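In what follows, a structure is listed as C-alpha cells, so that the remarks can point back to it.
The values are calculated or read from the model by the stated rules, or taken from the named source; none is laboratory data. Nothing here was measured: the structure is a model prediction, and the numbers come from that model. Glycine gets a Cβ as well: all are built from the backbone with ideal geometry, and neighbour counts include every protein chain shown. Please note that ligands, DNA and RNA were not included when accessible areas were found on the heavy atoms of the full protein model with its side chains. Shrake-Rupley method; radii C 1.70, N 1.55, O 1.52, S 1.80 Å.
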Amino acid sequence: MSSSTNTALITGASFGIGLELARIFAREGYNLVLVARSADKLRQLASELEKAHGTRSLILAVDLTEPGAPAYVLDQTTRADIQVDVLVNNAGFGQYGLFAENDLEECLRQIQLNVTTLTHLTRLYLPAMIERAKVGTTTERKSGGILNVASTAAFQPGPLMAVYFATKAYVLHFSEALANELNGSGVTVTALEFHKRANATRVNLLKFGAMDARTVAEDGYRAFVAGKPVVISGVKNWLLAQSVRFSPRRLVTAIARKTQEQ
Ligand SMILES: NC(=O)c1ccc[n+]([C@@H]2O[C@H](COP(=O)([O-])OP(=O)(O)OC[C@H]3O[C@@H](n4cnc5c(N)ncnc54)[C@H](OP(=O)(O)O)[C@@H]3O)[C@@H](O)[C@H]2O)c1
C-alpha cells in the first residue's frame, strides 16, 4: 500500500470518535490503517472512505488488550510498506463500579488498552517520525504526530470509575510530557479531552453539552494540525476542567462521585 500520501493509523476506528476521526483524516487526504476488533465494521468504513475520497485502508482486526498486539500492528504496517505519519491512540474503555468489587481481569485489560498499548504503540512509531522530521520526508504535513484521545476524566479522581479516571490522567500527563520533549523536533503530540460517560459506548449523540462524536473529532483534528499539546472539546468541558483546578481536592472528588452515581 505504499504511496506518497500520508497515512494515519487509528485505533478504535470501528465506532464512535475513532470512526469520525477516520472520516476526517480520509477527507483531508490521508490513507488509513484502521485498527479494532470488529473486522466487518472496519471493512464497511474502508469501503465508504474509498468511494468518498479514494482512501486506501489497511484493516487490522486485532484485540489491543493482547500484550503482543502493538508489535503485531507494527509488523503488519512494515510488511505492507506503510509509513505511519500520524498515530491516533483512540481505543479505550471504562469499567464502572466499586474498585474492590470489579472484575479484576477486565480492570487489567482496561489498563492494558488505555495505558500500556497506547504507550507501546507510541514508542514503536515515534522514533521513525522523529527521523523523518529531521530529513523532511513526510509529505503535506512538515512532520508526523500523535493524537491521544484522553477525557476530562483526566483532570480529577473518579470514584466508581477509579481506574478509568487514573488511566486518562496518565494519557494527559504522558502526552504533555512528550509534547515538551518533542518541542522543535517537527513532531507534535496532542491530547484530546472531552466529557461523557465512558461506558455509554456505541452511541453517536454525546449528551453532555449536546456534543456529538463528529464535533469532538473535528476539535481534536484541528488542535492536532495546529500542534496544540492539549485540547478540551466544548465550552462546558473547558469550564469543568478549569473549575477543578481551583477547588479543594476532596470536594472535587466528592462531586465526581455524585456525578458518577447519577
Ligand atoms: N464516549 C465517551 O463519552 C468518552 C468520553 C471521554 C473519553 N472517551 C474516550 O474516547 C475514546 C473513544 O471512545 P468512544 O466513546 O468513541 O468509544 P466506543 O464507541 O466504545 O468505541 C471504542 C473503540 O475502541 C475499540 N476497542 C475497544 N476495545 C478494543 C480492543 N480490546 N481492541 C481493539 N479495539 C478496541 C472499539 O472497537 P471494537 O469493539 O470493534 O474492538 C471501538 O472502535 C476512548 O479512549 C474513550 O475512553 C470517551
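Using the Cα coordinates of segment 1-116, the gyration tensor eigenvalues translate into equivalent-ellipsoid semi-axes of 28, 15, 11 Å, sorted from longest to shortest.
Its residue count N fixes a reference of 2.2 N^0.38 Å for segment 27-72, and the Cα radius of gyration divided by that reference is 1.24. Could you work out [θ]222 nm for the chain from helices alone, using -39500 (n - 2.57) per DSSP H run of at least four and dividing by all its residues? Round to the nearest 500 deg cm²/dmol. Calculated mean residue ellipticity at 222 nm is -15000 deg cm²/dmol. The largest-to-smallest principal axis extents of the Cα set in segment 77-173 are 51, 29, 16 Å. Seen against the Cα atoms of the chain and their longest principal axis, helix 162-181 is set at about 50 degrees.
Near GLU66, once Lys and Arg are set to +1 and Asp and Glu to -1 for all other residues with Cβ below 15 Å from its Cβ, the sum equals -2. Applying 1/(1 + (r/R0)^6) with r as the Cβ-Cβ distance of LEU108 and SER243 and R0 = 30 angstrom yields a FRET efficiency of 0.40. Taking every protein chain into account, the accessible area of segment 46-120 amounts to 50 square angstrom per residue (probe 1.4 Å).
Place +1 on the Cβ of every Lys and Arg and -1 on the Cβ of every Asp and Glu in the chain, take the dipole about the Cα centre, and give the residue among GLN44, LEU58, VAL187 whose Cα lies farthest towards its positive end. Result: VAL187, furthest along the dipole toward the positive end. For the chain, the longest principal axis of the Cα atoms and the long axis of helix 235-245 meet at an angle of about 60 degrees. Each of VAL135 and HIS173 was given a label point 7 Å from its Cα along the Cα-to-Cβ line. The distance between the two points is 3.7 nm. Apolar share of the accessible surface for segment 11-115: 49 percent from carbon plus sulfur atoms, 1.4 Å probe.
Helix 213-226 and the longest principal axis of the C-alpha atoms of the chain enclose an angle of approximately 60°.
For the chain, the relative contact order is 18 percent, taking Cα pairs closer than 8 Å that sit 6 or more residues apart in sequence and dividing their mean separation by the residue count.
Against the empirical 2.2 N^0.38 Å (N residues), the chain has a Cα radius of gyration ratio of 0.98.
For segment 1-70, the list of trypsin sites (Lys or Arg not before Pro) that fall in a loop by DSSP and count at most 15 other C-beta atoms within 10 angstrom reads ARG37. The smallest convex shape that holds all Cα atoms of segment 1-54, its convex hull, gives 69 Å³ per residue.
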